[in-house]
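K.L.:
Dumping the structure here so I can ask a few things about it.
What follows draws every value from the coordinates through simple rules; no lab data is involved. Here the structure is a predicted model, which is why all the values come from computation and not from measurement. Cβ placement follows ideal geometry from the backbone for every residue including glycine, while neighbour counts extend to all protein chains displayed.
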Amino acid sequence: MLSHKIKILAYPYSRDFLSGRQPWRMLALHEKYGPAVRVSPNEVSFASAQSWHDIYAPRKGGEFLKSNWYENGSFGGHAIVSVRDPVEHAQMRKYLSRAFSEASLRDQEDMITDLIAKYIDGVGKTAKAEGVVNLTDWHNFLTFDIIGLLAFGKSFGGVESGRLGPTYSARLSLFSQAFVGSIAHANVMDTLKRFPWLGAVYLAFNQGWLKGIARVADRHMSYTKKVIEDRISEKTDRKDFMHYLLRDHPQDDDSESFHMQMSGHAADLVVAGSETTATTLSVVVHYLLEKPAIFKTVTEEIHGSFEKEEDINATTAAPLKYLHAVCLEALRIFPPLPIGPPRDAPPEGAVVDGVSIPGGTLVSTNPCAASMFSKNFHNPSEFIPERWLGENKDDILEATQPFSLGKRGCIGRNMAWLELHITLARLIFRYEIEREGQLDWIEATPMLLFWQKPNLMVRVKERIRK
């Protein structure tokens, strides 16, 4: 059982959750109490490498199922991210996985690379016109456009427009509103479930808030469904995600349930496949600017490997070992999904990292705590790509799992690596980058389900190659 004997209340957990500082509070709790901490009356947080395997990897006997926290998902919770039933999930993942296979990504690479090339050009044009460029915005433009093109057959237009405001793509604006609304809904509903009486009172006196969230969700669902129906009816040889889903899905393409499920998958993929990659791109650039010696090393690796920017593609960028290590360290020090994926312990109970967990207990491995825990990593707050190169006896590298693992692990990890490798290699190949102003990334980045990233203002100029 847990070694610390303290009275546990739900209030501190919910306060930290709503404050945006929960990842750092969870890390502090683990540093004080160890790798297993009871954080609310029926919830235990873990921060060890073994807990990732015990909770999320396939296991004999009772399975740790997704908790009812996921019932707040869009499209009735019957899409790849939010579905709780393991049999239904297995069926979904079977046909979705083909759209994310390495063979499929080779078919999609030209579409992705074309958008990355436009992003590289757009960053330079904006910097030249305005003096500085906000890479946080541009990384969101890029990753939303890529996933929009692959999921719907249509880019959101962010890279092309290059700015927020009235001229910004209405399609991306709608998804952004729905995204923000779903975050607010998930955060508040998680808190209210922990305080049933308070929740009943709050909801009784805040019907307007609920109706507002519902209106945005309805608009989002209607728009997504229409775009999916347009894509289904389109006759094209373009091998986007829908090409593979239409080819491999077992249902009748004209059924209402099929359209709804495809819309749910697309909506989930837009958020899960864009926000996380955009975060990692920004974190990498931030830490490269903070660490000139590291920036110099990765720049020399890239320029020593290519004569022309056009030579940088998925195949040629993948062998860049130092760049890959930089990305791994960014994923460790700032996991793109900071909240521990919640699971219900099986009815008969289970053992997680040597701790006996009663049936029905809510458990999770906290990504930030596990990745920054001093028992797992030497100098955990230091950005050290060399951890991932050669023999490492100081760190427990398996303690960080940015893509999670097991049957529920990130289905799009191959695509994420493709985007990270090509985008960063091309950006660094073409431009010299300098920070505009000062930025404490950790202090400036609250967590509201996802990270709320600060502006990353930089100056760029094209390199003169000798």
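K.L.:
K407: which lysines have alpha carbons under 19 Å from its alpha carbon, excluding same-chain residues fewer than 8 sequence positions away?
P.N.:
Leaving aside lysines fewer than 8 places away in the same chain, those within reach of K407 are K60, K66, K94.
K.L.:
Fewest first, what order do F377, F141, F429 take by the number of other Cβ atoms within 10 Å?
P.N.:
Fewest to most other Cβ atoms nearby, the residues stand as F429, F377, F141.
K.L.:
Which aspartates and glutamates have a Cα less than 17 Å from the Cα of K128, not counting those fewer than 8 places away in the same chain?
P.N.:
D137, E160, E432, E434, E436, E462
K.L.:
To continue, here is another question. Sorted from fewest to most neighbouring beta carbons within 10 Å, what does the list F258, F334 look like?
P.N.:
F258, F334
K.L.:
Exposure proxy check: V458, V227 ranked by fewest other beta carbons within 10 Å?
P.N.:
Ordered from fewest to most neighbouring Cβ atoms within 10 Å, V458, V227 come out as V227, V458.
K.L.:
What residues from the range 27-61 fall in the zone where the backbone N is under 14 Å from a label point 7 Å along the Cα-to-C-beta line of E348?
P.N.:
59-61
K.L.:
Please get the size of the charge dipole for the range 315-466, origin at its Cα centre, with Cβ charges of +1 on Lys and Arg and -1 on Asp and Glu, quoted in debye to the nearest 20.
P.N.:
Computed about the Cα centre, the dipole is about 700 debye.
K.L.:
Oh, and also: Could you work out how far apart the two model spin labels at K32 and E290 are, taking each label as a point 7 Å from the Cα in the direction of the beta carbon, and quote it in nm?
P.N.:
2.4 nm
K.L.:
For L405 and A57 in the same chain, what is the full-extension length gain: residue separation times 0.36 nm, less their Cα-Cα distance, in nm?
P.N.:
124.7 nm
K.L.:
Write out the GluC sites (Glu not before Pro) in the range 264-308 meeting two conditions: DSSP loop, and at most 13 other Cβ atoms within 10 Å of their Cβ.
P.N.:
Within the range 264-308, the qualifying GluC sites (Glu not before Pro) (loop, at most 13 other Cβ atoms within 10 Å) are E307.
K.L.:
Charges at C-beta only: +1 for Lys and Arg, -1 for Asp and Glu. How large is the resulting dipole of the range 287-396 about its Cα centre, in Debye rounded to 20?
P.N.:
With Lys and Arg at +1 and Asp and Glu at -1, about 300 debye.
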